[in-house]
Amino acid sequence: ELFYFSQVRHLTHKTLYHVWSKEDQVISKKALTATEAVAKLISSRKFGTKDKGLWRVAMTDQKGKVLSESRFVIK
């Protein structure tokens with residue numbers, strides 16, 4: 001299981017998304033709402049043998065603008 005942590009400031013009541021993609025195909029998208037002036041947002045995904053490949057998890061705003069991202073490989 002892999003966790004993605006994001007900390008945001010001054011985005012209270014804004015909906016952001018953690019978008020998990022494999023080989024540039026969106027696998028899941030989790031909506032998260034910042035409830036405080038400094039908010040910690042967390043999502044996770046479990047991986048198995050069928051999930052081998054190049055992955056990316058990104059935090060985006062409602063318009064799809066990437067605010068942060070991490071890339072990794074499941075072997």
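Structure data summary
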read-out: Any hit, segment 43-52, residues being open to solvent by 100 Å² or more (accessible area, probe 1.4 Å), touching an Asp or Glu at 6+ places or on another chain (Cβ under 8 Å), on the phi < 0 side of the Ramachandran plot and not aromatic (Phe, Trp, Tyr); value: yes
read-out: Positions within segment 46-74 being among the basic types (Lys, Arg), over 11 Å from Val19 (Cα atoms) and either assigned to a loop (DSSP other than H, G, I, E, B) or in contact (Cβ under 8 Å) with a residue 12 or more places away in the chain (or both), in sequence order; value: Lys46, Lys52, Lys63, Lys65, Arg71
read-out: Residue in segment 1-35 that is surrounded by the most Cβ atoms within 10 Å (Cβ to Cβ), counting only those that are over 17 Å from Leu67 (Cβ atoms) and among the charged types (D, E, K, R); value: Lys22
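The values are calculated or read from the model by the stated rules, or taken from the named source; none is laboratory data. Since we're looking at a predicted model, the values are computed, not measured. Because the Cβ atoms are built from the backbone with ideal geometry, glycine has one as well, and the counts that use them run over all protein chains shown. In case anyone asks, the SASA skips ligands and DNA or RNA and just uses the protein heavy atoms, side chains included. Shrake-Rupley method; radii C 1.70, N 1.55, O 1.52, S 1.80 Å.
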